[in-house]
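Some notes on the structure that comes next.
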Amino acid sequence: MKKFIETIKNIFRIEDLRKRILYTLFIILIYRLGAHVVLPGINPGALSAFTKSAQEGLLGMLDLFSGGAFSNASIFALGIMPYISASIVIQLMTLAVPYFQRLQKEGESGRKKLNQITRYLTVAVVAIQGPAYIANIQGQFSGAISPAMLTPIIGHLSVFAVTSFILLISGTLFIMWLGERITDNGIGNGISMIIMIGIIARLPFALKAEFSSRIGDMNGGPIIFIIELIIMMLIIAFCIMLVQGTRRVPVQYAKRIVGNKQYGGVRNFLPLKVNAAGVMPIIFAQAIMFLPLTFVSVTEQSTGGFWHSFIDYNGWGYNIVFFLMIILFTYFYTAITINPQQIAEDLKKNGGFIPGTKPGKQTAQLIEDIMSKITLPGSIFLAIVAILPAIVRLFGVNQQFAQFFGGTSLLIMVGVVLDTLQQIESHLLMRHYDGLTKSGRIKGRYSGGAY
C-alpha cells in the first residue's frame with residue numbers, strides 16, 4: 001500500500017504526465033456529459049420502453065459500447081462504432097487496393113490522407129445507420145417525441161428526422177475529435193479510451209441489476225453474487241494473459257536458433273505470438289453477425305424463421321456460428337499481419353539460422369507451419385472468451401452483467417488498461433522513478449504485435 005501511494009505521488013510529480021492525465025479526464029467528462037444530452041424533441045421520461053428494448057440482445061452490445069447513449073437517444077447515440085467500422089474497411093483496403101497500399105507506404109503524408117478518407121467513410125456509415133435509428137424511434141416510440149417535431153418539412157421527413165440526422169453525424173464526428181485529442185495531448189489511445197469508458201460506465205448498472213436479481217428474486221442470494229464476482233476476476237486474469245499473448249516461441253518448439261547475432265534482441269527464440277490477431281477477429285465476426293438483423297427486418301416479421309436463429313444473442317445457432325467465425329478470422333488476420341517470408345529474411349540478415357533448415361524459403365515454410373500450430377489454441381481461447389457471456393447466461397446471470405464475463409467488451413477493457421498503464425510506466429521509468437510493478441514491465445496491447 002505504501003509503494004502504491006508513493007507511485008501515485010511520483011505520477012503527479014511529473015508535470016507533463018500530470019497534465020496529460022488531467023486533460024484525459026477532462027475530455028472523458030465532456031464525453032460522458034454528452035451521452036446524457038437527448039435529441040431535440042424527445043421526452044426522456046417517456047423513453048422507458050425504448051431504453052428497455054435497446055438494452056437487450058445485439059442492440060444491448062451497441063448500447064454497451066456507447067456507454068448507454070444508444071438507449072438514452074442521445075446526440076452521441078451511435079457512438080464511435082461508425083468510425084471503428086470505417087477504420088476496419090480502410091485497413092482491409094490497404095491489403096487489397098494498390099492506391100491504399102501506396103498511401104500506407106508514404107509515411108506521415110499517406111497516414112493523413114488515410115485518416116481523411118476514414119473520416120469521410122465514417123460520415124457515410126452514419127448516413128446509413130442514422131436514418132435506421134431515427135426511423136425506429138419515430139415509428140415505434142413516437143409517443144416520446146413532441147408533436148411539433150413530427151411536422152413534415154421536406155417531403156415525408158419531419159423536423160425531428162432532419163435535426164436528429166444532423167446531430168447524430170455531428171455527435172459521432174465530435175466523439176472522433178475527442179478521441180484524437182486524447183491521443184495527441186492525453187494518455188493512451190483516445191478512440192480505445194472512449195470505448196472503454198463507455199463500457200465501464202455500464203458496469204455499475206450491471207452490478208446493480210445482478211445484485212437485485214439475486215436478492216429480490218431469492219435466486220441464490222449474496223453468496224452466489226460474490227462467487228460470480230470471483231469468477232469474473234479469474235476471467236479478467238485469463239484475458240490479461242490472452243491480450244499480452246506469448247511473444248516468443250521457445251527453442252524446444254521452434255528448434256534452436258543459433259548464430260553470431262541475436263534476432264529481435266533475444267537469442268534462441270522466435271518472436272511470434274500465440275494471439276497475434278488480438279481482438280480483431282471478434283470485431284470482424286461481430287460485424288458479420290449483425291447482418292441477419294437486416295434480413296429479418298426486410299424479409300420476416302414473425303418471431304420465427306431462419307434468420308431469427310442468428311439474432312438470438314444467447315442461442316446455440318448464433319454462438320456456434322460466432323465461435324467458428326472467430327477461429328476463421330483469427331487465421332485470416334494472422335496471415336495478413338505475420339509475414340513468414342519477411343521474418344526469414346530478417347533472420348538471415350542478422351546472421352541467425354535454424355539447424356537442419358536452409359535459410360530463405362525453407363525457413364519461411366517452417367515459421368509458417370509453427371504459426372499455424374500456435375494460432376489454433378490462440379483462436380480457440382479467443383472464441384471461448386467471446387461466447388462466455390452466453391455460457392454464463394445458462395446459469396441465470398443477468399443479461400447486462402453477463403456481458404462483462406467475456407466477449408469484446410472485456411478484452412477491450414483489459415487491453416486499453418494495460419496499454420495506458422504501460423504509457424504511464426514509460427513516463428515514470430524515463431524520469432528514473434520506480435515502475436508500476438515490482439518486477440518486469442507491463443506489456444500493453446501494441447507492444448510487439450497486432451492489437
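The values are calculated or read from the model by the stated rules, or taken from the named source; none is laboratory data. It should be emphasised that the depicted structure is a prediction, and the values quoted were computed from it without experimental measurement. Here Cβ is always computed from backbone atoms with ideal geometry, including for glycine, and neighbour counts include all displayed protein chains. The protein model used for the area step is the full one, side chains on, heavy atoms only, and it has no ligands, DNA or RNA in it. Shrake-Rupley method; radii C 1.70, N 1.55, O 1.52, S 1.80 Å.
Some observations on this one:
- Only helices (runs of 4 or more DSSP H) whose full extent lies in the range 340-410 are considered here, and the ones with at least 1 residues that are modelled with pLDDT of 80 or more and over 21 Å from the mean Cα position of the chain (by Cα) are 361-393.
- Output for the range 109-131, where each listed residue is under 25 Å from the mean Cα position of the chain (by Cα) and more than 18 Å from ALA86 (Cα to Cα): none
Each row is one residue, and each column tells you yes or no for (1) closer than 25 Å to ILE227 by Cα; (2) open to solvent by less than 10 Å² (accessible area, probe 1.4 Å).
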{"site": "SER379", "(1), (2)": "no, yes"}
{"site": "PHE395", "(1), (2)": "yes, no"}
{"site": "ILE412", "(1), (2)": "yes, no"}
{"site": "LEU421", "(1), (2)": "no, no"}
{"site": "SER426", "(1), (2)": "no, no"}
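- Taking the conditions (1) modelled with pLDDT under 85; (2) surrounded by 13 or more Cβ atoms within 10 Å (Cβ to Cβ); (3) not aliphatic (A, V, I, L, M) in turn, SER170 satisfies each one other than (1).
- Test: GLY179 is open to solvent by less than 60 Å² (accessible area, probe 1.4 Å), among the small types (Gly, Ala, Ser) and under 25 Å from LEU418 (Cβ atoms): yes
- Scanning the range 191-206 turns up one or more residues that are farther than 14 Å from GLN403 by Cβ, within 17 Å of the chain's Cα centre (by Cα), among the hydroxyl-bearing types (Ser, Thr, Tyr) and open to solvent by less than 70 Å² (accessible area, probe 1.4 Å).
- Screening the range 1-112 for helices (runs of 4 or more DSSP H) wholly inside it with 1 or more residues that are at pLDDT below 85 and hydroxyl-bearing (Ser, Thr, Tyr) returns the ranges 2-13, 48-54, 81-96.
- Filter pass, THR151 being out of contact with any Asp or Glu (no Cβ under 6 Å at 6 or more places or on another chain) and surrounded by 12 or more Cβ atoms within 10 Å (Cβ to Cβ): no
- The C-beta contact set for the range 325-348 (first residue free of Cβ contacts under 8 Å to residues at least 60 places away in the same chain and over 12 Å from ASN275 (Cα atoms), second residue outside any helix (DSSP H, G or I) and open to solvent by less than 50 Å² (accessible area, probe 1.4 Å), distance under 7 angstrom, 6+ apart or interchain) comprises ALA344/GLY360; LYS348/GLY360.
- In the range 145-173, the residues that are on the phi < 0 side of the Ramachandran plot reach residues that are in a strand (DSSP E or B) and loosely packed, with under 15 Cβ neighbours inside 10 Å with C-beta atoms within less than 7 angstrom, at least six apart or across chains, in these pairs: SER158/PRO152; VAL159/ILE153; VAL162/ILE153; VAL162/ILE154.
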